Every structure is written in structure tokens, then in C-alpha cells.
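Here the structure is laid out as C-alpha cells; the discussion comes afterwards.
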Amino acid sequence: MIILNEANFEVEALKSEQPVLVDFFATWCPPCRKLAPIVEEIAEDYAGRVKVAKLNIDEARSVAIKYGVSSIPTLILFKNGEPTHRIVGYVPKQDVEKLLG
């Protein structure tokens, strides 16, 4: 699992050759804490096929604003540097897996 911030977001998420699933979260957010174990499982299950990363919106507010993240948790799938799919709020693991194909 990659920890993203304003300094490494472009290299790790936008310039990645693999799809990147970014979990926009905050430590104070109960639904984010509930989703965290699912995101960790996805990172293990999809290792080598999809990069999974977390971005704390309190520490990288400009990135969250740029991608229109107004509610958390928000999962955004980036492919070739572009956001292609988005899930807002807590969802079960199978919904995240559908997003990944």
C-alpha cells in the first residue's frame, strides 16, 4: 500500500503504468476506518495488477480539491493518469472489486 501526498501524487498515481486505486480518507472519519481493512485486502488481492494507495485529505487538501472529493471515503480509480471510476462512501468489498473489473 502506497501512502500518497502532494509531493508524490503525480509520480505514484498519475504516471503509473498500472491502474491506481486511491482511497481518499481522513483519520477522524468513521466510514473511512470501516473501509480501511477492505482497501488493505484489495491491495493484497490485486498486487501486481492494481496499485492501491491512500491519501489523507487533511494532509493533501489540494489533491482532494482538484479531484472534487467532497465526501469521504472516496475511492477513485486512475488509469493512464485519468480518473475513470469513483465510489463515494462505505461499500462492501465486492463493489470495489466490480470497479476494478
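Mean-square fluctuations from a GNM of the chain, with a 10 angstrom spring cutoff on Cα atoms, peak among Ile87, Ile57, Ile76 at Ile87. Can you give the net charge of the other residues whose Cβ lies under 15 Å from the Cβ of Gln94, counting K and R as +1 and D and E as -1? Charge balance in the 15 Å sphere: -2.
With all projection directions averaged, the alpha carbon convex hull of the chain covers 5.5 nm².
Under the combined filter of DSSP loop state and at most 14 neighbouring Cβ atoms within 10 Å, region 1-76 retains these GluC sites (Glu not before Pro): Glu6, Glu17, Glu59. Under the shape rule built on the C-alpha gyration tensor, where the axes satisfy a ≥ b ≥ c, region 55-101 is oblate, since a/c reaches at least 1.5 while a/b does not exceed b/c.
Taking the Cβ of Ile3 as the centre, find all other residues whose Cβ is under 14 Å away and add up their charges (Lys, Arg: +1; Asp, Glu: -1).
Details: positive: Lys51, Lys54; negative: Glu6, Glu12, Asp23, Glu40, Asp58, Glu59.
Neighbour charge sum, excluding Ile3 itself: -4.
Could you tell me what percent of the DSSP beta bridges with both partners in region 1-78 are antiparallel, to the nearest 5? Among the beta bridges of region 1-78, antiparallel pairing accounts for roughly 35 percent. With the simple spin-label model, which puts each label point 7 Å out from Cα in the Cβ direction, the Asn80 to Ile65 separation comes to 3.0 nm.
Counting only heavy atoms of protein chains, what accessible area per residue, in Å², does region 19-101 have with a probe of 1.4 Å? Write down the numbers at each step before the final one.
On the way: 4200 Å² over 83 residues.
With all protein chains present, region 19-101 gives 51 Å² per residue.
The simple spin-label model puts a point 7 Å past each Cα toward its Cβ; for Trp28 and Glu44 those points are separated by 3.1 nm. Once you reduce region 22-42 and region 55-101 to the center of their Cα atoms, the two points are 11 Å from each other.
The values are calculated or read from the model by the stated rules, or taken from the named source; none is laboratory data. The structure presented is a predicted model; accordingly, all values stated were derived computationally and were not measured. Glycine also receives a Cβ, built like all others from the backbone with ideal geometry; neighbour counts cover every protein chain displayed. In case anyone asks, the SASA skips ligands and DNA or RNA and just uses the protein heavy atoms, side chains included. Shrake-Rupley method; radii C 1.70, N 1.55, O 1.52, S 1.80 Å.
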